[in-house]
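Each remark here refers to the structure printed beneath this line.
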Amino acid sequence: MAKAAKTLSQARATRKGKVVSARPGDASEKAVMANLRAGTKTKPPGATAALVLADGTTFWGMGLGAAAETVGEVCFNTSITGYQEILTDPSYAGQIITFTFPHIGNVGTNPEDIETLEPAARGLVVRAEITDPSNWRADAHLDAWLKEKNLPGIAGIDTRALTARIRDSGAPTGALCHVPGGKIDIKALQARAAQWPGLAGMDLAREVTCTKPYDWQGGTWSIAAGYDDGPKSRFNVVAVDFGAKRNILRCLAQAGCKVTVVPATASARDILKYKPDGVFLSNGPGDPAATGQYAVPAVQEVLKAGLPVFGICLGHQILALALGAKTKKMEIGHRGANHPVKDLATGKVEITSQNHGFVVIEDSLPAGVEKTHASLFDGSLEGLRVKGKPVFSVQYHPEASPGPQDSHYLFHRFIDLMEKR
């Protein structure tokens, strides 16, 4: 048995193209884990990466992906699948993602399940080594994909301890460094993390939005046909791109919309010149108050035109600001595919996919604007509508990429509003 185990260990270490990190029970991982909770700044044997928080807390592990250094807000996501969609979600701009699910990499990567061409996330943190692909749609190993996208990561750390740290103290800034030779300057990383200003006040939509208008082509995926062209278009929709996920645009197209995507900085004149039947405000990253400096005036003018308006995530927050409400930074944020949300009109509970670190303040909603959905985790506002007008929005992601499809009905609600108009 000992000989067989040694042979298996050697096979793992020499497997071509495989990222090798310590397995549970290996001497190198024991050394890393023994020092993890104490936050030691002394590099344990076998460590080739480190995550250093602004307060000096240090997490040692084994590097994966690109040999690079990055800094950002450290958050966690509780989804058990869809890691490629998560890593390519533009809403993660400026963030290092900790995956709480231990098996990351098992479905590999492919060129279809992406939400944008170039990932906006800054790095990833996982518990176990990246697993080999075992899915019929896999085109490449996750580690190879991370290298291609210049995304660094760290494996072999206690993600439960890090998640508890974020839960109890809020999302910290951190610097992640992957050096194959293991020579890491912890003091420099801490200084870089401490100097990073944080997401509050950051307008990141400008970094991830499209640079010019374009027409979106393509509907949602099915096992029989893959991604198809979608049905014949019935409505003309302008989507304002604050960091739009591709699957949102696919869902609009699948619902019968001809979708014209315009940059986040588009004026009301830019939007209305397409003579849309409705206007969609997309998801996106950063502080809505910062993005709202230019987006809110445009949305306010669109609202005066009386068109149906549907907002998601950052688009929901921008709409709320345009209506006179306020937003604030959350201590932890909502990120995962298992968030229960209650529709206050029907009493129905949806399991939703979420990714946001800011929230609309319920008490700031002006007269004529009402709360429509509530989080069953913390009671926070998850949706709103304008009484008597075809205007509504939700904080979560009804396109469900990844996540359950409980909320797809919202796209049809938008269609119904355009039909009535």
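Things worth noting here:
- Top-ranked residue of the range 114-131 - restricted to ones that are buried (at least 21 other Cβ atoms within 10 Å of the Cβ) and acidic (D, E), ranked as farthest from N355 (Cα to Cα): E129
- Selection of the range 57-114 for residues being part of a loop (DSSP other than H, G, I, E, B), within 14 Å of L151 (Cβ to Cβ) and of a type outside the set (S, T, N, Q) yields A66, A67, A68, D89, A93, G94, I104, G105, I114.
- When G63 is tested against (1) more than 28 Å from G243 (Cα to Cα); (2) modelled with pLDDT under 95, exactly one condition is not met: (2).
- Top-ranked residue in the range 89-113 [being more than 28 Å from A47 (Cβ to Cβ) and of a type in the set (S, T, N, Q); ranked as surrounded by the fewest Cβ atoms within 10 Å (Cβ to Cβ)]: N110
- When P366 is tested against (1) touching a strand residue (DSSP E or B) at 6+ places or on another chain (Cβ under 8 Å); (2) free of Cβ contacts under 8 Å to residues at least 60 places away in the same chain, only condition (1) is not met.
- Residue count for the range 345-363 under the criterion of being touching a residue at least 24 places away in the same chain (Cβ under 8 Å), surrounded by fewer than 17 Cβ atoms within 10 Å (Cβ to Cβ) and either under 21 Å from A290 (Cα atoms) or not hydrophobic (A, V, I, L, M, F, W, C) (or both): the result is 1.
The values are calculated or read from the model by the stated rules, or taken from the named source; none is laboratory data. Bear in mind that the values here come from a model prediction, so they are computed numbers and not experimental data. Note that we place each Cβ from the backbone using ideal geometry, even for glycine, and neighbour counts take in every protein chain shown.
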